[in-house]
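Engineer: If you scroll down you'll find the structure; I have some questions about it.
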Amino acid sequence: MISSSAVRRVLAVAALVLVAAACAPEPAAAPPAAGAPSCEPGALPTLASGTLTFGTDQPVYPPWYLDDDPTSGRGFESAVAYAIADGLGYPRDKVTWVRVPFNASIQPGPKSYDLNLTEFSITPERAQAVDFSAPYYDVKQAVVALSTGPAAAATSIADLKGARLGAQVGTTSYQAIIDQIAPTTEPAVFNTNDDAKLALSNGQVDAIVVDLPTAFYITSAELEGSEIVGQLPLGGGTPEQFGAVLDKDSPLTTCVSAAVEKLRADGTLAALEEQWLASAETAPELR
């Protein structure tokens, strides 16, 4: 038979166990999987804490940016930049801009921006040095000439092989001349599109190659007496696409891509294209 004192000792021990269990800490939450980025709004590991820094060239041109002012939100890439920022949890007053020359932006090494939107086409060669976000625009290249010049009469790529052509250095526009037209004369290279347009107006080249939306703007608002000769076919049959440039292996790349994909899915990118970029359907295709 168990004595009353033994029963009291057993009850006391049980009580202590219950108290200890009640004071024990909650099990720790499982840590995120290794390598899984956190896209907590407004709390990304940006260069400047709490601020998202965009980079772009100087000058920048319509229809991508208006009045060389990326902070305005006017122009396709300026509008896309602020839409991406908003999706990442950075309101307008938490966004800043830096200017970086086009070619320097895609060189290896540390960057002065978190992401850069300057009509950067995604290419395997560039992707060895930098990260690209998911694409935000599909683009074609186009040939622009003076209406009174010899290249204006071209109706095929073969008609352009003997022409004096030019494009901005380091661009896919220049590469399109090499790969798709293969002219008999070495193409001219210019530091900026402004230099290329000046060379065209001065008769130093017969035609220049730029992306199609830029071609529409040049011929409608910048270079009187110029016209779009035609748009070039897709190189290799695959679409050329613009993506935001980030530092190689940036912790932001996955989050930025997710923000871009969300803008595509909810129709924001299509709406911004319609607002800022001319339709490609009116430009003849060169074959």
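The values are calculated or read from the model by the stated rules, or taken from the named source; none is laboratory data. These figures come from a predicted structure and were not determined experimentally. Counting neighbours? That spans all protein chains shown, and the Cβs are built from the backbone with ideal geometry, glycine included. What goes into the accessible areas is simple: the full protein's heavy atoms, side chains included, and nothing from ligands, DNA or RNA. Shrake-Rupley method; radii C 1.70, N 1.55, O 1.52, S 1.80 Å.
Engineer: Mind grabbing the accessible area of T254 for me, 1.4 Å probe, Å², rounded to tens?
Structural biologist: Solvent-accessible area, nearest 10 Å²: 80 Å².
Engineer: Here is a further query. Mind listing the phi-derived Karplus ³J(HN,Hα) values for segment 190-205, rounded to whole Hz, using 6.51, -1.76 and 1.60 with θ = phi - 60°, and x for any glycine or proline?
Structural biologist: Result, ordered by residue: 10, 5, 9, 5, 4, 5, 5, 5, 5, 5, 5, 5, 8, x, 6, 10 Hz.
Engineer: Arrange the peptides 195-204, 62-71 so that the one whose residues have, on average, the most other Cβ atoms within 10 Å appears first. All intermediate terms of the calculation are to be shown ahead of the outcome.
Structural biologist: Details: 195-204: 16.9, 62-71: 19.1.
Taking the mean over residues of other Cβ atoms within 10 Å, the ranking is 62-71, 195-204.
Engineer: Can you list residues whose amide H is under 5 Å from V229's amide H, if they're 5+ apart or on another chain and H is modeled 1.01 Å from N?
Structural biologist: V143, V144, A145
Engineer: Please quote Rg/Rh for the chain to two decimal places, taking the Kirkwood radius as Rh and restricting both calculations to Cα atoms.
Structural biologist: Here the Rg-to-Rh quotient is 1.30.
Engineer: Provide the solvent-accessible area of R92, counting protein heavy atoms only and rolling a 1.4 Å probe, rounded to the nearest 10 Å².
Structural biologist: 130
Engineer: Of all beta bridges DSSP finds with both residues in the chain, what is the antiparallel percent, to the nearest 5?
Structural biologist: 60
Engineer: Identify all aspartates and glutamates with a Cα-Cα distance to K161 below 17 Å; exclude those on the same chain that are fewer than 8 residues away in sequence.
Structural biologist: Cα-Cα hits under 17 Å: D179, E186, D206, E285.
Engineer: Follow-up question, since we're still on this one. Could you please report the charge total around D159, scoring K, R as +1 and D, E as -1 over all other residues with beta-carbon less than 12 angstrom from its beta-carbon?
Structural biologist: Computed value for this residue: +1.
Engineer: Which of the lysines could a cross-linker bridge to K94, judged by Cα under 24 Å and excluding same-chain residues fewer than eight apart?
Structural biologist: K111, K248, K262
Engineer: While we're on this one: From the alpha carbon gyration tensor of segment 203-287, can you work out the equivalent ellipsoid semi-axes (sqrt of 5 times each eigenvalue) and give them in Å, largest to smallest?
Structural biologist: With the √(5λ) rule applied to segment 203-287, the semi-axes are 30, 16, 14 Å.
Engineer: I need the phi-derived Karplus couplings for segment 245-258: 6.51 cos²θ - 1.76 cosθ + 1.60, θ = phi - 60°, integer Hz, Gly and Pro marked x.
Structural biologist: So the J values, rounded to whole Hz, are 8, 10, 4, 4, 6, 4, x, 8, 4, 5, 5, 5, 4, 4.
Engineer: Work through the residues other than N103 whose Cβ is under 15 Å from its Cβ and net out their charges, Lys, Arg +1 and Asp, Glu -1. If you can, show how the numbers build up before the last one.
Structural biologist: On the way: positive: R99, K111, R126; negative: D57, E119, E125, D195.
Net local charge, N103 excluded: -1.
Engineer: Quick one: net charge around P124, please, counting Lys, Arg +1 and Asp, Glu -1 for every other residue with C-beta under 15 Å from its C-beta.
Structural biologist: Charge balance near P124 sits at -2.
Engineer: Amide H neighbours of L277 under 5 Å, at least 5 residues apart or on other chains, H built in the peptide plane: list them.
Structural biologist: Here the answer is none, since no amide H 5 or more places off falls under 5 Å of that of L277.
Engineer: Follow-up. Quick query: amide H of V100 versus all other amide H atoms, modeled in the peptide plane; which residues come in under 5 Å with a sequence gap of 5 or more or a different chain?
Structural biologist: Here T56, D57, Q58 satisfy the definition.
Engineer: Leaving out ligands and nucleic acids, and using a 1.4 Å probe, what accessible area per residue does the chain come to in Å²? It would help to have the intermediate numbers written out before the result.
Structural biologist: Values: 14270 Å² over 287 residues.
Spelled out: the 1.4 Å probe surface of the chain, per residue, equals 50 Å².
Engineer: For the Cα atoms of the chain, what angle does the longest principal axis make with the long axis of helix 4-23, in degrees from 0 to 90, nearest 10?
Structural biologist: So the inclination is approximately 10 degrees.
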